[in-house]
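Contents: one structure, followed by commentary.
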Amino acid sequence: MKASDEAEFTEFAASTIRRLRSTAYLMCGDWHRAEDAAQDALVKVYRRWHRIDRTQGLNGYAHKCLVTAVLDQARRPWRREHLGDTDEHDTPLLDPAGTIDDRLFVVQALAALPPSQRACVVLRHYADLSLEQTADVLGIGTGGVKSQTSRALARLRELLDHPERSAT
């Protein structure tokens with residue numbers, strides 16, 4: 001890689017890594033996995049740096065690599081071994097002592113969503129990607145993004161609207 005490209009990539013990586021890591025965390029709920037996914041995404045971006053349209057496609061490509069990394073991690077056998085036997089969709093999100101930070105509560109609610117719905121919500125509402133950009137990143141149609149986002153938001157409303165939480 002040319003020195004100018006190297007410097008440009010380094011600047012991009014430094015300015016993007018925190019945002020990618022935060023986006024990955026919201027998708028997977030684990031800071032260590034999020035760090036790995038963000039680094040994996042930047043490695044993929046680095047490998048294709050000379051072919052990426054830096055005027056429009058750089059951020060979208062980085063997010064596409066990030067989503068792929070997070071979803072690939074979730075499919076790995078070691079990841080499945082650590083999952084509990086409980087169905088996460090039936091587990092209520094309770095905070096009887098009122099001590100859980102709002103962010104942690106939202107992350108728990110996001111974790112209860114299927115990966116595709118979680119990805120749609122995080123990319124649309126946290127990463128602030130457009131409908132078309134989200135569809136491109138996930139490799140699905142805009143109708144799919146709309147329906148997945150709609151289902152995810154309905155489930156989040158249901159999970160976050162517990163009487164135990166709203167009473168505090």
Members of the range 103-120 found to be closer than 20 Å to Val145 by Cβ, open to solvent by 40 Å² or more (accessible area, probe 1.4 Å) and free of Cβ contacts under 8 Å to residues at least 40 places away in the same chain, listed by number: Pro114, Ser116
Look through the range 20-30, keep the residues that are in a helix (DSSP H, G or I) and touching a residue at least 40 places away in the same chain (Cβ under 8 Å), and return whichever of them is surrounded by the fewest Cβ atoms within 10 Å (Cβ to Cβ). Ser22
Taking interchain pairs and intrachain pairs at least six residues apart, which have beta carbon atoms under 9 angstrom, with the first residue in the range 143-162 and closer than 12 Å to Ser116 by Cα and of a type in the set (Gly, Ala, Ser) and the second open to solvent by less than 40 Å² (accessible area, probe 1.4 Å) and not in a helix (DSSP H, G or I)? Ala152/Leu113
Out of Glu81, Glu88, report the one residue that is modelled with pLDDT under 55 and within 30 Å of Gln133 (Cβ to Cβ). Glu88
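For every residue, the table says whether it meets (1) surrounded by fewer than 17 Cβ atoms within 10 Å (Cβ to Cβ); (2) among the small types (Gly, Ala, Ser); (3) out of contact with any strand residue (DSSP E or B) (no Cβ under 9 Å at 6 or more places or on another chain); (4) part of a helix (DSSP H, G or I).
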| position | (1), (2), (3), (4) |
| --- | --- |
| Phe12 | no, no, yes, yes |
| Arg18 | yes, no, yes, yes |
| His32 | yes, no, yes, yes |
| Glu35 | yes, no, yes, yes |
| Ala38 | no, yes, yes, yes |
| Val45 | no, no, yes, yes |
| Asp53 | yes, no, yes, no |
| Asn59 | no, no, yes, yes |
| Leu66 | no, no, yes, yes |
Could you check the range 121-138 and list, in sequence order, the residues that are over 23 Å from Asp102 (Cβ atoms), free of Cβ contacts under 8 Å to residues at least 40 places away in the same chain and not acidic (Asp, Glu)? Ser130, Leu131, Thr134, Ala135
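The values are calculated or read from the model by the stated rules, or taken from the named source; none is laboratory data. This one's a predicted model, so the numbers in the text were calculated from it and none came from an experiment. Using ideal geometry, Cβ is built from the backbone for each residue, glycine included, and neighbour counts are taken over all protein chains shown. Heavy atoms of the whole protein, side chains included, go into the accessibility calculation; ligands, DNA and RNA do not. Shrake-Rupley method; radii C 1.70, N 1.55, O 1.52, S 1.80 Å.
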